[in-house]
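Novice: A single structure is presented below for examination.
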Amino acid sequence: MRSASSELLLDTKQQQLRKKKLLELAAAKKQKRGTPRTLREKVWFYSTLSFAMIAVGSGSALLFLVPLYVDPAVSTLLADFVPEPVQCTTVRREQLTGLYNCTWSSCREGCTSDVYNCNHIYVEYRTAGGGAGGAAGAGADATGGLIVSEAVLLVNIKGCGYPPAVACSNFTKAYGSVGATFPCHYSRQNRTLVVIDYDKRQQYADIVHYFAVPFTICIVTSIVLCVMHCDCQTAAVAGQPEPSRSSAGHSHTEGYSDHSISTRVERLDEAIMEASRELGEPSGL
């Protein structure tokens, strides 16, 4: 009975200590919530929020800008179109239906959906002067230039686009009639490939505006966030000695010994002895 009463007394004291500790923590938390932020904390918070939104926005923009603008610009530069236009004449136009027949199109609105109706426009042109290599159906004229009798006409390097930049109805009406003549640019890498408009500077501008700028912004803002919130002061703490493993292990063991069974038994014995002294009777231990 005495042992049970002593243990009950010890549990009651522990519960009182827990309640007192919880009340202190709740009061500290409530006081912390009520404390207004300083100007420096506000600037730090809104700066972090702004940099994070800019980094996420620029990174997300790259997912859309690269396939829509950067990839066509790079492909156009690699095709190496002639900067000076030559005279093209439409020699044939085919209007086809079916997914198997429409693996490509001279012009289509939308670059991701499948095409079931397409127009194939073929043109003939004469190069300004002789050049190495030729193309299927190409022959030389009296001036030394090459005559390409059948080349594919595309609205751009991909043969597709989105309104209002690309309007396929107007494109087909203007260049799809047999006998129509117009200036065009042919590719030096593939002479059977012809486009209407070509501006080399514009292709470089697209790469800079739609890739280099958002990519640089994303990298810079990410570095700023890393510097603001990561521990970059490794040089300052390099001179401080690291705690040895033995001392770390000793402190770790001490933390566990406070809650070990032996410690609880010793505390219980001390409580029983103290209670026995108050009653004036031997503890029997």
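The values are calculated or read from the model by the stated rules, or taken from the named source; none is laboratory data. On a predicted model such as this, the values are computed, not experimentally measured, just so you know. Cβ: placed from backbone, ideal geometry, glycine included. Neighbour counts: every protein chain shown. We work out accessible area using only protein heavy atoms, side chains counted, and drop any ligands, DNA or RNA first. Shrake-Rupley method; radii C 1.70, N 1.55, O 1.52, S 1.80 Å.
Novice: With a 1.4 Å probe and all protein chains left in place, how much accessible area per residue does the stretch 82-197 have, in Å²?
Specialist: Heavy-atom SASA per residue in the stretch 82-197 reads 53 Å².
Novice: Which Rg and Dmax, in Å, describe the Cα atoms of the stretch 37-101?
Specialist: 24.5, 75
Novice: Write down the Kirkwood hydrodynamic radius of the stretch 82-197, to one decimal in angstroms, obtained as one divided by the mean of 1/r over all alpha carbon pairs.
Specialist: Roughly 14.6 Å, rounded to one decimal.
Novice: May I ask you to give the percent of accessible area on the stretch 82-197 that is carbon plus sulfur, with a probe radius of 1.4 Å?
Specialist: 51
Novice: Could you check the spin-label model distance between ALA205 and ASN190? Points 7 Å from the Cα along Cα→Cβ, value in nm.
Specialist: Computed distance between label sites ALA205 and ASN190 equals 2.7 nm.
Novice: Taking 0.36 nm per residue of sequence separation and subtracting the Cα-Cα distance, how much length would be gained by fully extending the chain between GLU274 and ALA61, in nm to one decimal?
Specialist: Result: 69.3 nm gained on full extension.
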